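Since the structure comes first, as structure tokens, the remarks are kept for the end.
The values are calculated or read from the model by the stated rules, or taken from the named source; none is laboratory data. Quick caveat, the model's predicted, so the values are computed rather than measured. Positions of Cβ are backbone-derived with ideal geometry, glycine not excepted, and every protein chain shown enters the neighbour counts.
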Amino acid sequence: MTLKQVDSTNTFLKNILSNSKPVPEGTVIMAEDQFAGRGQRENVWHAEPGKNLTFSILLRPNFIDAAGQYDVTRAASLGVYDALQPLLGDGLKIKWPNDIYYQDKKLGGMLIENILQGSQIKNSVIGIGLNVNQDNFHDNAHNATSIRKILQRDYDLKNILAEICNHIEAYYLHLKAGRFDFVRNAYLSRLYWLNEERQYRSNGQVFTGRIKCVTNAGMLVIDKDGEEAAFNLKEIEFLNK
Ligand code: BTN
């Protein structure tokens, strides 16, 4: 379903889920103009109307328990990555936990909201924002880029959307078939700064370290001087030069 204008496709999808009519798995809600997009860490997500992809997909991974939520994040990130890789090549990376980067700039991000029932995931609302044909970004989004900025031409939003959905479905089916290690290894191999010596900040302290892996629960493991430490999203900041 395409909406002309909505506050947030994630909020819209969550609202229709709480109404009585059943919503089929695989439902995609796309907005031409999302005027109050929500990002991670309570950030806002800005996207010029008509130029970008802002959409949410409904999955029902009730075969995964709450402790395995991060596998959904992996499948969604990989789906976006694999859809774009033929266009953009190896400059494309997944920045932990689920940002889509091209070289050192952010091309897209996601906000995944899981609705739990007991220890199972009842609904997973996967909200994806991808900068496609936008040319100019606000000063406070100095780190943003778009496919147009990289490749100097416009792309059809619906084609890219279809590619992303197909690839997410493929990874989702791997999860459904129990191939968790395949998905985890694929995710790790596409990770931004994997094994590179880089600077990070945690608790006000800057340190140098190397990303080694991501735990099953989604924590980022960094080796600092031979000692490994695991971080969650709020605990660590990547310091670009
Ligand atoms: C981030 O990088 O902080 C995540 C951005 C997620 C934005 C998408 S756009 C579609 C969906 N609806 C929202 O309100 N947010 C997500």
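All conditions in (1) touching a Phe, Trp or Tyr at 6+ places or on another chain (Cβ under 8 Å); (2) surrounded by fewer than 22 Cβ atoms within 10 Å (Cβ to Cβ); (3) within 23 Å of Arg184 (Cα to Cα) hold for Asp90, with the sole exception of (1).
So for segment 82-96 (the condition being within 14 Å of the ligand (Cβ to nearest atom) and either out of contact with any helix residue (DSSP H, G or I) (no Cβ under 7 Å at 6 or more places or on another chain) or modelled with pLDDT under 95 (or both)), does at least one residue qualify? Scanning segment 82-96 turns up at least one residue that is within 14 Å of the ligand (Cβ to nearest atom) and either out of contact with any helix residue (DSSP H, G or I) (no Cβ under 7 Å at 6 or more places or on another chain) or modelled with pLDDT under 95 (or both).
Based on what the data block shows, is Lys212 farther than 30 Å from Arg60 by Cβ, in the same structural domain as Glu25 (by TED's automatic domain parsing), out of contact with any Gly (no Cβ under 8 Å at 6 or more places or on another chain) and modelled with pLDDT of 95 or more? No.
Considering each residue of segment 39-70, count those that are part of a loop (DSSP other than H, G, I, E, B), surrounded by 14 or more Cβ atoms within 10 Å (Cβ to Cβ) and within 11 Å of the ligand (Cβ to nearest atom), and give that number. Residues flagged as part of a loop (DSSP other than H, G, I, E, B), surrounded by 14 or more Cβ atoms within 10 Å (Cβ to Cβ) and within 11 Å of the ligand (Cβ to nearest atom) within segment 39-70 amount to 4.
May I ask you to verify whether Tyr155 is aromatic (Phe, Trp, Tyr), in contact with a helix residue (DSSP H, G or I) (Cβ under 7 Å, 6 or more places away or on another chain) and touching a residue at least 12 places away in the same chain (Cβ under 8 Å)?
Values: aromatic (Phe, Trp, Tyr): yes; in contact with a helix residue (DSSP H, G or I) (Cβ under 7 Å, 6 or more places away or on another chain): yes; touching a residue at least 12 places away in the same chain (Cβ under 8 Å): yes.
Yes: the conditions hold for Tyr155.
For segment 29-38, the criterion of being near the ligand (Cβ under 9 Å from one of its atoms), closer than 12 Å to Gly127 by Cβ, outside any loop (DSSP other than H, G, I, E, B) and out of contact with any strand residue (DSSP E or B) (no Cβ under 7 Å at 6 or more places or on another chain) is satisfied by no residue at all. Of the set (1) surrounded by fewer than 21 Cβ atoms within 10 Å (Cβ to Cβ); (2) part of a helix (DSSP H, G or I), all apply to Thr73 but (1).
Against the numbered list (1) within 13 Å of the ligand (Cβ to nearest atom); (2) of a type in the set (S, T, N, Q); (3) under 27 Å from Phe180 (Cβ atoms), Thr11 comes up short only at (3).
Cβ-Cβ distances below 8 Å connect the following pairs, each with a first residue in segment 51-63 that is in contact (Cβ under 8 Å) with a residue 60 or more places away in the chain, a second residue that is among the hydroxyl-bearing types (Ser, Thr, Tyr) and near the ligand (Cβ under 10 Å from one of its atoms), and a separation of six or more residues or different chains: Thr54/Thr9; Phe55/Thr9; Ser56/Thr9.
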